[in-house]
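Participant: Pasting a structure here, questions to come.
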Amino acid sequence: MLVQDRKIIKPSKTQSTKPQEHFNFSTWVSSNFPKIIVISLLIVTVAVVFFVRNDAVSILYSGKSRSKSLKPIQFPKISFSSIPPNSDKSSPFATFRSERWIVVSVSNYPSDSLRSLVKIKGWQVLAVGNSRTPANWELKGAIFLSLEQQAKLEFRILEYLPYDSYVRKSVGYLFAIQHGAKMIFDADDRGEVIDWEVGKRFDLDLFGVDAMQERILQYNRENPNRTVVNPYIHFGQRSVWPRGLPLENVGEIVHEEYYNEVFGGMQFIQQGISNGLPDVDSVFYLTRKLDSEAFDMSFDEHALKVALPQGVMVPLNSFNTLFHSNAFWGLMLPVSVSSMASDVLRGYWAQRLLWEVGGFVVVYPPTIYRKDEIEAYPFSEEKDLHVNVGRLIKYLVSWRSGRHRLFEKIMELSYSLAKEGFWTERDVKFTGAWLQDLLAVGYQQPRLMALELDRPRASSGDADRKEFIPRKLPSVHLAVEESGAVNYEIGNLIRWRKSFSNVVLILFVSGPVERTALEWRLLYGRIFKTVVILSAKSDVDLAVEEAHPDQVYKYLPKIFERFSSAEGFLFLQDNTILNYWNLMQGDKTKLWITDKVPQSWTTISLIGNNSVWFSKQAKMVKKVVNTMPVHLQVGYKESSTSEPSLTICSSEVFYIPQSFVGDFVDLVGLVGNAKIHHKVALPMFFMAMDSPLNFDSLLNTMIYNTEALSSNPSDYYSAKVAAVHPWSISSEPDFIKLIRLMAAGDPLLMELF
């Protein structure tokens, strides 16, 4: 209440003028004693209830927290053979049937794009509402499911769906299947189908003779380490990447050297490309915008559709994807991840399971035009996507199941993803409800087929290789339209990438991995398809592996075994910058190390040296040398001095070709549990494996500034050498400064930030 609104109490006209009596406390207590007792009891009672309640709530809450943290994820027990049917008895469309459905989520009144979708002949539009949808939403020709109508359908999944999210489309998928769907076009209300015909690009008939005999281009499986591709390159936009592509892969802009072919008929999931605003992530959207100008990109409409083999994945979305009935189980949108990550995670999950039924994904030329509404993309909604998607893909490709029915495999994978932290137990329960609902509406799970992923890959002969060179369409580089001026830089990047695509980069990060790991992958992942990051402490979310900094070399054999088909392994510490454009001069069949850089490689005489550490290290080296096989022992002794000494190398950067991997692994085995320091073990190994005279001289000219701590790194950096040491990176601003310097050797680096 405002002061001016308060009532003023006027003095009574009958106010007594009798002198006021003094207050007597003892008299007042005696006369009011019963009231005091009652009031005191009430106060005490309220206080006791208050404190007891709060203690109980506190105990209950802490108990729940502990039980939640300790409670293991439960695997749902479901009898898929005894699911009662669920027919539509409540909606006005109970008797309606259609084989072709377009499912969209709506939060606003019908858009012009949605009005166009309704006009497509032979397709039924189903609009799924949420808590933000206007109550009087209506569009002639479309079926609209409000929250109230959804609740009446009695699907099990309703228990887990948020009220204000597009993931409620899952209700729409079930409704369409319940009403006779044979194919579902997963769309949104911002995309206009090109030429108003879904079948102009997509393959609607998969079972005709012509469809099953059609040969479709397929990405090759030459590189076993490649698990994901950027389809935009194939369709003419090499500098654009789709939402859901791991950031370490965005620098892969080289088109396929060759393709294979696969027979059609099994492309149960079909992903279309979007002109205008393609499906891009917030990193691309926020760094490539030119003020408030809308994106209006074009992809090659004449490019051939391309299939994905087992073992290779592609990002899928929920606004331009066609699902055939054999893949309807893959429509489920996860509920425990962010909305921007839900359809991407679904896409990778579904692709892995699709292999179990012999199906595959095909990506098609532009199928829709999507208008850029010039809205900021929420990076916070994508953060978990950028952190986890690379690890997710690797996990899915390696995942195997011994179950004998598809739905059992689906439950097992969903349970495994929860245990690995890709989603929560809520999605495990949601998956169970989804599969039960599918069976209840009459869906029959497809039969399993033999997994081709584990079969030996036959090498492709020239007759099996098909060439396709994508067109080069205008694109954007940091909000600047691409022109012929970048062709030279693109050509260089392609040469570097091709030369080192099968070399594994092993990067040891001593700085804060949570602030630098993604940036390192983004920088070096443009050249090296495989980047393994090591640190003193592992980080599963960032795919950082643990290795003790003093004995990193003992971890390398595990990496060698994991990438047994690699051409070689390049080790780098994060305190050294690698100018990869200068590596072209190196011989990848030879050992590389800094043996001619005196600040990095030095031999210390033990005569008159009282250092206990040097003495202990020298004794361990001598013991290992005495156990070496003859070729390694002779090699080491010929390379070392005759007087007692110890060779030390800082080992900031070195390279081991595949031909020397066996010797390196044997030497690590000889060291065993001995605590030979990394700086001591590496020069010992290299001198044993080959004569220093045969080492490649590439790293001899590296910049090694011993006074760097007191100087500005930009003062001694040079783009003309192979490596620069030392350097310190601890944050994104540090990376930006480095990128600006390295752009002297690779101008396209300016695209990264």
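Each reported figure results from applying straightforward, stated rules to the coordinates on display, with no laboratory input. Everything numeric in this text was worked out from a predicted model, so none of it was measured. Here the Cβ is made from the backbone with ideal geometry for all residues, glycine too, and neighbour counts use every protein chain on show.
Participant: Which residues' amide hydrogens lie under 5 Å from the amide hydrogen of residue 576, considering only partners 5 or more residues apart or on another chain, with H built in the peptide plane?
Facilitator: Distant-sequence amide H within range of residue 576: 727.
Participant: Cross-link list 169/429; 429/558; 121/169: which exceed 28 angstrom alpha carbon to alpha carbon?
Facilitator: Result: 429/558 exceed 28 Å.
Participant: Continuing with the same structure: What is the pair-distance distribution P(r) of the chain, computed from all Cα-Cα distances in 10 Å bins starting at 0, with each bin given as a whole percent?
Facilitator: Per 10 Å bin, starting at zero, the Cα-Cα P(r) for the chain comes out as 2, 12, 19, 20, 16, 12, 8, 5, 3, 2, 1, 0, 0 percent.
Participant: With 10 angstrom as the radius, rank 721, 171 by how many other C-beta atoms surround their C-beta, starting from the fewest.
Facilitator: Ordered by Cβ neighbours within 10 Å, fewest first: 721, 171.
Participant: What angle do you read, to the nearest 10 degrees and between 0 and 90, between the alpha-carbon axis of helix 678-689 and the longest principal axis of the chain?
Facilitator: 50 degrees
Participant: Would you list 434, 601 from fewest to most Cβ contacts within 10 Å?
Facilitator: Ordered from fewest to most neighbouring Cβ atoms within 10 Å, 434, 601 come out as 601, 434.
Participant: Rounding to the nearest 10 and keeping the result within 0 to 90°, find how far the Cα-based axis of helix 25-70 lies from the longest principal axis of the chain.
Facilitator: 40 degrees
Participant: Could you list which residues have their amide H under 5 Å from that of residue 124, counting only those 5 or more apart in sequence or on another chain, with H placed in the peptide plane?
Facilitator: 100, 101, 102
Participant: Give me the net charge of residue 606's neighbourhood, meaning all other residues with Cβ under 14 Å from the Cβ of residue 606; Lys, Arg count +1, Asp, Glu -1.
Facilitator: Residues close to residue 606 contribute a combined charge of +2.
Participant: Let me ask something else about it. Calculate, axis by axis, the spread of Cα positions in segment 197-454 along the three principal axes, and write the results as whole Å, longest axis first.
Facilitator: 53, 43, 37
Participant: Counting other Cβ atoms within 10 Å, which trypsin sites (Lys or Arg not before Pro) in segment 108-205 have at most 15 and lie in a DSSP loop?
Facilitator: In loop regions of segment 108-205 (DSSP not H, G, I, E or B), the sparsely surrounded trypsin sites (Lys or Arg not before Pro) are 119, 121, 132, 140, 182.
Participant: Moving on. In a Debye calculation with equal point scatterers on the alpha-carbon sites of segment 483-751 and no solvent, what is log10 I(q)/I(0) at q = 0.13, 0.16, 0.17 Å⁻¹?
Facilitator: -0.88, -1.32, -1.47
Participant: Sticking with this one: Non-local amide H neighbours of residue 105 (under 5 Å, H modeled in plane, Pro and chain starts lacking H): which ones?
Facilitator: Excluding prolines and chain starts, which carry no amide H, the hits are 128, 189.
Participant: With +1 on the Cβ of every Lys and Arg and -1 on the Cβ of every Asp and Glu, and nothing else charged, how large is the dipole of segment 483-751 about its Cα centre, in debye rounded to the nearest 20?
Facilitator: 420 debye
Participant: Let me ask something else about it. Considering only the other residues whose Cβ falls under 9 Å of the Cβ of residue 80, what net charge follows from Lys and Arg at +1 and Asp and Glu at -1?
Facilitator: In short, 0.
Participant: Now a separate question. If you plug each phi of segment 557-571 into the Karplus form 6.51 cos²θ - 1.76 cosθ + 1.60 with θ = phi - 60°, what whole-Hz ³J(HN,Hα) values come out, in order, with x for Gly and Pro?
Facilitator: Along segment 557-571, the couplings run x, 5, 6, 4, 5, 5, 10, 5, 9, 5, 6, x, 9, 10, 9 Hz.
Participant: Additional query: Determine ³J(HN,Hα), in whole Hz, for all residues of segment 416-429 in sequence, where each value follows from phi through the Karplus function 6.51 cos²θ - 1.76 cosθ + 1.60 and θ = phi - 60°; x replaces Gly and Pro.
Facilitator: In residue order, the calculated couplings are 5, 5, 5, 5, 7, x, 7, 8, 10, 4, 4, 6, 5, 5 Hz.
Participant: Of the GluC sites (Glu not before Pro) in segment 105-183, which ones lie in a loop per DSSP and count no more than 15 other C-beta atoms within 10 Å?
Facilitator: 138, 154
Participant: For 221, 426, which order do you get if you count the other beta carbons within 10 Å of each Cβ and list the fewest first?
Facilitator: If I rank by nearby Cβ atoms, fewest first, I get 426, 221.
Participant: Which ³J(HN,Hα) values, rounded to whole Hz and listed in residue order, are derived for segment 503-519 from phi using the Karplus coefficients 6.51, -1.76 and 1.60 in 6.51 cos²θ - 1.76 cosθ + 1.60 with θ = phi - 60°, glycine and proline given as x?
Facilitator: In residue order, the calculated couplings are 9, 8, 8, 10, 10, 9, 9, 9, x, x, 5, 5, 10, 10, 4, 5, 5 Hz.
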